Amino acid sequence: MNDLSPAEVLASYPPHADTIPTLLASRAAKQPEKPAFEFEDQTWSYGALESASTTLARELLARGLRKGDPLALVSVNTDLSVLLFFAAAKVGALFIPLNPAATDEDLAYMLGHSRARFIVSQPQDVLRVQRVSSRIDPASVVIDLVALREMAAPGSDANGAAPLPEIAPDDPAIVIFTSGTTGFPKGAVHTQRNYVLAGEAFVARMHLQPSERLLTLLPFFHINALFYSLGGGIAAGATVITARSFSASRFWHFAAERRATQFNFLAASGTILMKRSRSEFNPGHCIRKMYGGPMSAEMLRVFRDEFHVPWMIEGYGMTEIPGASCNPFLGPHVQGSIGVPAVHPRFPGNFSQLRVVDEEGRDVPVGEVGELVVKTPIVFKEYLNDPEQTAAAFRDGWFLTGDLARRDERGYFYFVARKKDIIRRRGENIAGAELDRIISAHPDVQEAAAIGVPSDLGEEEILVAVVPRSGARIEATDIVEWCRARLSPMKVPRYVVFTEGLPHTASHRVAKHRIKADTQLIARALDMQAASTRPEP
């Protein structure tokens, strides 16, 4: 490879002060005419994004927004979302992107919990947001997203050269609400420095070049899109591309039209793409690098051999700890592993640290399963307005992920399951994620999710909810036989239910708590144990 090293990429730009505004200014100073961001027919150069976000920041200050104030955004991805993000960073406001698909109840909770008085909404949700927010704070200000274009237009700055607040690296900058599995979501607060470090670390993770064209179809209220794709793209001085939503049928043609070279995905979208008709594939695409996971051996084969994507990098991160680990870009790559602790181009040597521990916090032997705990400079500052949850998330400075993992003798880590995704059956712990992966690999299955349901004998039995592939004919017995050939008898599901679709969180993960709460779905499940013992007529 003749590419620049990650350290050389970062060093090719003027220094910055570990803040979001100075990172953007650094890239704009060197390449003001280069496209920074593309959305539909809108293209923002680095110079235009720098200038317009400054104008918008001054306009927001004139309207009463102050440093430290929460500023919520309720919208799908648009170019104006990115413009607002950089303007909020220049004001020093707390940028809070929210899912527009949230129910009124969830939206009211997040707006109330964050105490956001300034809210920007996509046009179709303005009236709803006004209704919800006015019940929380009658003085709340709701701005139509499309109004930002005029507010940021050249010559619209009524405040001229009015100074912007001083921004420090440790200033709170972003709140990302976790989707959660039970109860209300928590808002993870990240600083200006965290965002910059995460973007620069992604340059190392994917060996991004200034010529890169990063495509993200994940929403900006997700850490992946905001911190990795947008942050990584700006840190590399590259071009970031997005669309309002992910379309599996149009994906390869869209990627080819936009000349995308790098793409971030989640397991659900990767599985959908590999199971779509090959007639939708466009061999003229330019994608050479993909980051995401978890990746099965079959997914790797399909994307490398059939879709011609040579660099498939799997890693691990959470809303609270972006980019904690990954398989090294230059190898060795270990299929099924979340890799090794992350590195950073500006900080040679150890950057993040990972351990696997028991319930008392002691390291478990190599190969054994325990909880993954992480210590990294890119760790959230706190859960917004929730000191008790913040304190409970750490033990002796290590963040408790709530994920079960193991480590091999080479120092590579492997995700096993969420601690709350463990099915307790006849005295044994069974990882729901393993069953999901095995059953979803069936050629006639689009997606599957295994959960624990109460057993007459105590503990739990395994139920699997299955979404058949379009046009496929599949029976519950096919699922059971597939599992028997690949899993120990203890892991073969007792109940099978077919459904047209599974509920998902905003980050495209299956919302298993909603499946467990769907009593009608569970009632429709076939009891395969009863079927196997039923006497013949």
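For (1) in contact with an Asp or Glu (Cβ under 7 Å, 6 or more places away or on another chain); (2) touching a residue at least 12 places away in the same chain (Cβ under 8 Å), each residue gets a yes or a no:
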residue	(1), (2)
442	no, yes
455	yes, yes
481	no, no
499	no, yes
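Looking across segment 362-398, the residues that are under 14 Å from residue 189 (Cβ atoms) and touching a Phe, Trp or Tyr at 6+ places or on another chain (Cβ under 9 Å) come down to 378, 379, 380, 384, 389, 390, 393. Look at (1) modelled with pLDDT of 95 or more; (2) within 25 Å of residue 8 (Cβ to Cβ) and you find that residue 349 fails only one, number (1). Restricting attention to segment 83-124, report how many residues are over 22 Å from the mean Cα position of the chain (by Cα), surrounded by 23 or more Cβ atoms within 10 Å (Cβ to Cβ) and in a helix (DSSP H, G or I). Total satisfying the criteria: 3.
Given 449, 530, 441, which one is of a type in the set (A, V, I, L, M), surrounded by fewer than 19 Cβ atoms within 10 Å (Cβ to Cβ) and under 30 Å from residue 224 (Cα atoms)? Walk me through how you get there before you give the answer.
On the way: 449 fails: surrounded by fewer than 19 Cβ atoms within 10 Å (Cβ to Cβ); 530 fails: under 30 Å from residue 224 (Cα atoms).
From the options 449, 530, 441, the qualifying one is 441.
What number of residues in segment 425-440 are within 25 Å of residue 268 (Cα to Cα) and either over 25 Å from the mean Cα position of the chain (by Cα) or assigned to a strand (DSSP E or B) (or both)? Talk me through it step by step, then tell me what you get.
Within segment 425-440, the first condition is being within 25 Å of residue 268 (Cα to Cα), and the residues that meet it are 429-440.
Of the ones still in play, those that are also either over 25 Å from the mean Cα position of the chain (by Cα) or assigned to a strand (DSSP E or B) (or both) are 429-431.
Number of matching residues: 3.
I'd like to know if segment 452-467 contains one or more residues that are under 30 Å from residue 364 (Cα atoms), outside any strand (DSSP E or B), modelled with pLDDT of 95 or more and not small (Gly, Ala, Ser). Looking through segment 452-467, none of the residues is under 30 Å from residue 364 (Cα atoms), outside any strand (DSSP E or B), modelled with pLDDT of 95 or more and not small (Gly, Ala, Ser). Against the conditions (1) at pLDDT below 95; (2) over 20 Å from the mean Cα position of the chain (by Cα), residue 319 satisfies every one except (2).
Going residue by residue through segment 353-362, is there one that turns out to be of a type outside the set (S, T, N, Q), out of contact with any Leu (no Cβ under 6 Å at 6 or more places or on another chain) and more than 21 Å from residue 399 (Cα to Cα)? No, every residue in segment 353-362 fails to be of a type outside the set (S, T, N, Q), out of contact with any Leu (no Cβ under 6 Å at 6 or more places or on another chain) and more than 21 Å from residue 399 (Cα to Cα). Only residues that are crowded, with 19+ Cβ neighbours inside 10 Å, over 23 Å from residue 324 (Cβ atoms), at pLDDT 95 or above and not aliphatic (A, V, I, L, M) were counted across segment 264-306, and they come to 2. Picking from residues in segment 188-222 that are crowded, with 24+ Cβ neighbours inside 10 Å and part of a strand (DSSP E or B), the one that is nearest to the chain's Cα centre (by Cα) is 216. Within segment 259-299, which residues are closer than 21 Å to residue 205 by Cα, of a type in the set (Ser, Thr, Tyr) and either assigned to a helix (DSSP H, G or I) or in contact with a strand residue (DSSP E or B) (Cβ under 8 Å, 6 or more places away or on another chain) (or both)? Across segment 259-299, the qualifying residues are 261, 269, 291. Of the residues making up segment 6-42, those that are over 24 Å from the mean Cα position of the chain (by Cα) and of a type in the set (S, T, N, Q) are 12, 22, 26, 31, 42. Within segment 249-261, residues that are at negative phi have Cβ atoms under 7 Å from residues that are among the acidic types (Asp, Glu) and part of a loop (DSSP other than H, G, I, E, B) in these pairs: 261/212, counting only partners at least 6 apart in sequence or on another chain.
Counting only strands (runs of 3 or more DSSP E) that fall entirely inside segment 1-75 and contain at least 2 residues that are over 19 Å from residue 169 (Cα atoms) and among the polar types (S, T, N, Q), the qualifying elements are 42-45.
The values are calculated or read from the model by the stated rules, or taken from the named source; none is laboratory data. The structure displayed is predicted, hence computed values, not measured ones. Please note: Cβ atoms are built from the backbone with ideal geometry, for glycine as well, and neighbour counts cover all protein chains shown.
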